[in-house]
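Asks: Can you read through this structure? Questions will come right after.
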Amino acid sequence: MSVNVTMKVNGQSVSATIEASMTLVEFIREHLRLTGTHVGCNTSQCGACTVHINGRAVKSCSLLVAQAQGAEVLTIEGLAAANGDMHPMQAAFKEHHGLQCGFCTPGMVMSACELKGKLVDPTDEQIRASIDGNICRCTGYQNIVTSVKAGLAAMA
Amino acid sequence: MKADGIGASVKRKEDHRFLTGNGQYTDDIILPRQTYAVFVRSPHAHATIISVDATAALAMPGVVAVFSGKDIEDSKIGGLPCGWGITSKDGTPAIEPPHPILCIGKARYVGDHVAVVIAETIEQARKGAEAVEVDYGILPAVVATGTAAASKTSVHDQAPNNVCYTWGHGDEAGVKAAFANAHHISELSLTNQRLAPNAMEPRAANAAYDRSSESYTLYVSNQNPHVERLLMCAFVLGIPEHKMRVVAPDVGGGFGSKIFLYAEETVLVWASKRVNRPIKWTADRTEAFLSDAHGRDHVTKAQLAMDKDGKFLGFRVDTTAAMGAYLSTFSTAVPTILYGTLLAGQYTTPAIYVEVTAVFTNTSPVDAYRGAGRPEATYVVERMVETAARDMKMDPAEIRRRNFIRSFPYATPVGLTYDVGDFDATLDGAIKLADVEGFAARKAASEARGMKRGIGYSSYIEACGLAPSNVAGALGARAGLFESGEVRVHPTGKVEVFTGSHSHGQGHETTFAQVVADKLGIPIDDISISHGDTGKVLFGMGTYGSRSLAVGGSAIVKAVDKVIAKGKKIAAHLLEASDTDIEFVNGEFKVKGTDKSVPFASVSLAAYVPHNYPLDKLEPGLNENAFYDPTNFTYPAGCHICEVEVDPQTGKVEVCSFTAMDDFGNIINPMIVEGQVHGGVAQGLGQAMLEDCIYDPESGQLLTATYMDYAMPRADDFPNFKVGTSVTACTHNPLGVKGCGEAGAIGSPPAFINAVTDAIGVKHIDMPATPERVWRAMQTAVSA
Ligand code: FES
Ligand code: FES
């Protein structure tokens, strides 16, 4: 069964006729070819596919495209400025070596950005607890925690 | 120190693309006329394949082709090769059963590749795969490692008792004699459980055949594209190498699991010619759990003989190691060459003997995983040393000090020669950093809260920088282990470096550029590093065994030296001086003792615009390459200290602090090295606390094939780690570096288990020390 969907992705209106069973991450990667959003598990356990929908971080593998009907979707490609200047959270990850292979990174950054407003001057433990839905196999998380802390401070 | 040279924590050049979503991983690539593959995998651990019927699948919309073992058999394609020959102690070679790229006659583990369905879309390929009808005759499965050799069932007819080899190494008689004279013999039985590597990017491949040029291009998530090409072309498909380009683009972590030549990408390459279309396959997570080569899986008994002062006299280790259902590329070497040779650890134990029985089981193949053999060796040694200290009522640091190797070079009784090290320095450094002095007070405070606190040490050593090719060859390697580097200087003095090493998170684009910037005295932004493409890089053995900087970096240094040597000749001509009077300092060629100089970029320009140039003596151009073959392994070593608190009500263990004091030799980028240690420690603690591949002992089903069932370490499982380094420079490579990628995963598991057993007062507990296991161990300890 096909459905029509319309949404805003990174500020641009998109509409498409797609299979109703298509997940949002599949739509983002395969249909829109925004391949910065990754798939690490497809079962909503790793966070690699995290994007924002109406400002909230969600795992895009666990949503059907239709569930994002009319929504504002922000992917990692939409976070930096149009000229490529990085968002403060992205800059913090670079500054504090919060990434290695880069595969978990887009999801991690999207999850981290959402913490703004939720955590005020957070402790390491609070940050660790807040990103426990995102798996990183490379970094051991420590530099991610430092990055998130710095990124949140820079966003304030 | 140059601000962007050796020793500086330069921010990574690769980060912008990863942070903005511009990385290009294999699954991100879509080729014109792309098709998609889905593998039909065996749902049984052991079964005869009675028939494979693709009729219904072929009738499904979008299905382009279906292939099974019959097609492989008909095209006379070789099986996947094993890259390392091991000889049993009776002189017979290891049994190497065929490893077909699609099952022929039998399936031997859950997830074994029975057929492949190729379709226009991934969804159509999935539906097609569901429509393939396979008739299986279920057979009993060999599952447990420890009892495989006694099983009545054989995984392979070639190995009736499931034994691949029985390898003996060291001085058996010497150990016997030492045991006879011992004051005390400590004993320990332990398991080093099976792990799934879990790089966050699942394995993926996209293979294309170009009919016009009769050549193939393979994009694959892989750590060593040239090795992949060599093995696939020369040993399996018979494709000439110049007709095959392998590209390993951005790769989302490897940890060993992407070293190997796998069936999937080989099938894709073969089938891409059959269907004359590009074919893409990406593993889903459960497929990754089933089909990535696993790590570890040892069952071991160890005995350590000591004199009355706790001096080690003799060490005997008996290990059964699982190979899984087939021999993966380096599977045979991991529990032998990379394990038995490390059993001296940091100690002067004069007599050591190890016997390893490698067994086939109806489980996923086992191969190198971060550390590969060395974590298993370290776990045995450091758990044993801890046990010995307790048996002898000695302080665990003291028993280590009493046995440390202190003079170098030191030839161990198990075949390695440590060139350099300072084990006291890392132990003392770790003790200080971990504030061991304050432990008693912290323990008392924990006890006051009804908690138990323990501390555990691990003084590890590893052999890295794999490897001197002749040594490896003598030990059974079927490949060389050198590395190549090419330094291409452009007319304007900008530099492109091509390396056979492969970066899948290690940050080579930065570290290697720092090395070149330092040597050539030019800004790091004038240098780019290319890797991962057999179409660009002249050759390479890839990245594993913490070898990139020690071997790949050395090759680059050699090539840079050649550039400088040629540059001196050009400069001599330009400056009208003799070659021998030219020196190269801070990016300038100078006539010694004068102020006459010419900058690097003027020399490179002269090389490409050779108007004023010694054309009679020198070729134009400034482009050099080098191959570097190490003369010895490198020996990173260090001491890790773990402090834990155990809740006796629940058995839950909290890591209160973890300290790593490592000696990696010289360090190029401290920030990146620290990151490697963090990641390695997290993986090691993941093994010690959480991770376990569990098979149903009867059916051979992998029960932990999703992130719901396999406990991956997450951010809230750890505290911040305390990391420090001390330096003894490697004596035999030009950078004095040893490698840092695996140390964290090697040193940490025994430190953790030593701490937990110290806390709860038991001799041993197997990994992962889950709350349930710890709680049960405490109940036995209480009742005992
Ligand atoms: S891919 Fe969506 S959570 Fe893992
Ligand atoms: S950086 Fe590799 S998984 Fe996080």
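The values are calculated or read from the model by the stated rules, or taken from the named source; none is laboratory data. These numbers come from a predicted model, not from an experiment. Backbone-built Cβ (ideal geometry, glycine too); neighbour counts: all protein chains shown. Side chains included, ligands, DNA and RNA excluded: accessible areas come from the protein's heavy atoms. Shrake-Rupley method; radii C 1.70, N 1.55, O 1.52, S 1.80 Å.
Asks: For the range B:10-49, what are the residues that are closer than 30 Å to B:ILE672 by Cβ, of a type in the set (S, T, N, Q) and in a loop (DSSP other than H, G, I, E, B)?
Replies: The first filter runs over the range B:10-49 and keeps only residues closer than 30 Å to B:ILE672 by Cβ, leaving B:10-29.
From the residues that got through so far, the ones that are of a type in the set (S, T, N, Q) too are B:20, B:22, B:24, B:26.
Matches in the range B:10-49: B:THR20, B:ASN22, B:GLN24.
Asks: Taking into account only those residues within the range B:632-686 that are more than 20 Å from B:GLY739 (Cβ to Cβ) and of a type in the set (Gly, Ala, Ser), which is farthest from the other protein chains (Cβ to nearest Cβ)?
Replies: At the first step, the residues of the range B:632-686 found to be more than 20 Å from B:GLY739 (Cβ to Cβ) are B:641-659, B:685-686.
Remaining after also requiring of a type in the set (Gly, Ala, Ser): B:651, B:657, B:686.
Details: B:GLY651: 21, B:SER657: 13, B:GLY686: 9 Å.
In this case the residue turns out to be B:GLY651.
Asks: Name, by its number, the condition in (1) in contact with a Ser or Thr (Cβ under 8 Å, 6 or more places away or on another chain); (2) within 12 Å of another protein chain (Cβ to nearest Cβ); (3) open to solvent by 40 Å² or more (accessible area, probe 1.4 Å) that does not hold for A:CYS49.
Replies: (3)
Asks: Could you tell me whether A:VAL65 is more than 14 Å from ligand 2 (Cβ to nearest atom) and touching a strand residue (DSSP E or B) at 6+ places or on another chain (Cβ under 9 Å)?
Replies: yes
Asks: Name the residue, out of B:ALA477, B:ALA463, B:ALA441, that is outside the structural domain of B:LYS89 (by TED's automatic domain parsing) and free of Cβ contacts under 8 Å to residues at least 60 places away in the same chain.
Replies: Details: B:ALA477 fails: free of Cβ contacts under 8 Å to residues at least 60 places away in the same chain; B:ALA463 fails: free of Cβ contacts under 8 Å to residues at least 60 places away in the same chain.
Going through B:ALA477, B:ALA463, B:ALA441 in turn, just one is outside the structural domain of B:LYS89 (by TED's automatic domain parsing) and free of Cβ contacts under 8 Å to residues at least 60 places away in the same chain: B:ALA441.
Asks: Which of the residues that make up the range A:53-76 are within 13 Å of another protein chain (Cβ to nearest Cβ) and more than 14 Å from ligand 1 (Cβ to nearest atom)?
Replies: A:LEU74, the sole residue that qualifies.
Asks: Moving on. Just name the residue that is surrounded by the fewest Cβ atoms within 10 Å (Cβ to Cβ) out of those in the range B:687-714 that are within 14 Å of another protein chain (Cβ to nearest Cβ) and more than 23 Å from the chain's Cα centre (by Cα). First the steps, then the outcome.
Replies: Filtering the range B:687-714 for residues within 14 Å of another protein chain (Cβ to nearest Cβ) gives B:687-691, B:704-714.
Applying the additional criterion that residues be more than 23 Å from the chain's Cα centre (by Cα) yields B:708-709.
Numbers: B:MET708: 10, B:ASP709: 14.
Taking the candidates together, the pick is B:MET708.
Asks: It is to be established whether one or more residues within the range A:87-103 are open to solvent by 40 Å² or more (accessible area, probe 1.4 Å), facing another protein chain (nearest Cβ under 7 Å) and out of contact with any strand residue (DSSP E or B) (no Cβ under 8 Å at 6 or more places or on another chain).
Replies: So far as the range A:87-103 goes, yes, one or more of its residues are open to solvent by 40 Å² or more (accessible area, probe 1.4 Å), facing another protein chain (nearest Cβ under 7 Å) and out of contact with any strand residue (DSSP E or B) (no Cβ under 8 Å at 6 or more places or on another chain).
Asks: Here's a check for you: in the range A:92-125, which residue that is among the polar types (S, T, N, Q) and away from ligand 1 (no atom under 16 Å from the Cβ) is nearest to B:GLY254 (Cα to Cα)? Write out each step before concluding.
Replies: Of the residues in the range A:92-125, the ones among the polar types (S, T, N, Q) are A:100, A:105, A:111, A:123.
From what is left, the residues that are away from ligand 1 (no atom under 16 Å from the Cβ) are A:100, A:123.
On the way: A:GLN100: 11, A:THR123: 32 Å.
This residue is A:GLN100.
Asks: Still on this structure, please answer the following. If you check B:ILE122 against the conditions, is it at pLDDT 95 or above, over 20 Å from B:ASN206 (Cα atoms), open to solvent by 10 Å² or more (accessible area, probe 1.4 Å) and of a type outside the set (S, T, N, Q)? Please lay out each step first, then the result.
Replies: On the way: at pLDDT 95 or above: yes; over 20 Å from B:ASN206 (Cα atoms): no; open to solvent by 10 Å² or more (accessible area, probe 1.4 Å): yes; of a type outside the set (S, T, N, Q): yes.
So B:ILE122 fails the test.
Asks: So which residues in the range A:132-156 are more than 10 Å from ligand 2 (Cβ to nearest atom), surrounded by 23 or more Cβ atoms within 10 Å (Cβ to Cβ) and at the interface with chain B (Cβ under 8 Å from one of its Cβ atoms)?
Replies: The initial filter retains those residues of the range A:132-156 that are more than 10 Å from ligand 2 (Cβ to nearest atom), namely A:132-133, A:142, A:145-156.
Add one more test, that the residue is surrounded by 23 or more Cβ atoms within 10 Å (Cβ to Cβ), and what stays is A:142, A:145, A:147-148, A:151-152.
Residues satisfying the conditions are A:GLN142, A:VAL145.
Asks: Are there any pairs, at least 6 apart or on different chains, whose C-beta atoms fall under 9 Å, with the first in the range A:132-156 and farther than 30 Å from B:THR706 by Cα and the second within 16 Å of ligand 1 (Cβ to nearest atom) and of a type in the set (Gly, Ala, Ser), and if so, which?
Replies: The qualifying pairs are A:GLY151/A:ALA112; A:LEU152/A:ALA112.
Asks: OK, next. Looking at (1) at pLDDT 95 or above; (2) under 30 Å from B:TYR25 (Cα atoms), which is the one condition that is false for B:VAL591?
Replies: (2)
Asks: Is there any pair with a first residue in the range B:717-733 that is more than 9 Å from every other protein chain (Cβ to nearest Cβ) and a second that is among the β-branched types (Val, Ile, Thr) and surrounded by fewer than 18 Cβ atoms within 10 Å (Cβ to Cβ) whose Cβ atoms are under 7 Å apart and which are 6 or more apart or on different chains, and what are they?
Replies: Pairs that qualify, where the first residue is more than 9 Å from every other protein chain (Cβ to nearest Cβ) and the partner is among the β-branched types (Val, Ile, Thr) and surrounded by fewer than 18 Cβ atoms within 10 Å (Cβ to Cβ), are B:HIS732/B:THR631.
Asks: Next up: Which of the numbered conditions does B:VAL175 fail, given that it passes all the others? Conditions: (1) open to solvent by 10 Å² or more (accessible area, probe 1.4 Å); (2) away from every other protein chain (no Cβ under 14 Å).
Replies: Here B:VAL175 meets the rest and fails (1).
Asks: Given the options A:SER15, A:SER44, name the one that is away from ligand 2 (no atom under 16 Å from the Cβ), touching a Ser or Thr at 6+ places or on another chain (Cβ under 6 Å), facing chain B (nearest Cβ under 10 Å) and farther than 18 Å from B:TYR36 by Cβ. Step through it out loud before you land on a result.
Replies: Details: A:SER15 fails: facing chain B (nearest Cβ under 10 Å).
Selected residue: A:SER44, the only one of A:SER15, A:SER44 that is away from ligand 2 (no atom under 16 Å from the Cβ), touching a Ser or Thr at 6+ places or on another chain (Cβ under 6 Å), facing chain B (nearest Cβ under 10 Å) and farther than 18 Å from B:TYR36 by Cβ.
Asks: Checking B:SER189 against (1) of a type in the set (Ser, Thr, Tyr); (2) open to solvent by less than 40 Å² (accessible area, probe 1.4 Å); (3) out of contact with any helix residue (DSSP H, G or I) (no Cβ under 9 Å at 6 or more places or on another chain), which test does it fail?
Replies: Just one mismatch for B:SER189, condition (2).
Asks: Something else: Got at least one residue in the range B:44-63 being within 14 Å of chain A (Cβ to nearest Cβ) and not polar (S, T, N, Q)? Break it down stepwise before answering.
Replies: Of the range B:44-63, the ones within 14 Å of chain A (Cβ to nearest Cβ) are B:61-62.
Keeping just the survivors that are not polar (S, T, N, Q) gives B:61-62.
Taking every residue of the range B:44-63 in turn, at least one turns out to be within 14 Å of chain A (Cβ to nearest Cβ) and not polar (S, T, N, Q).
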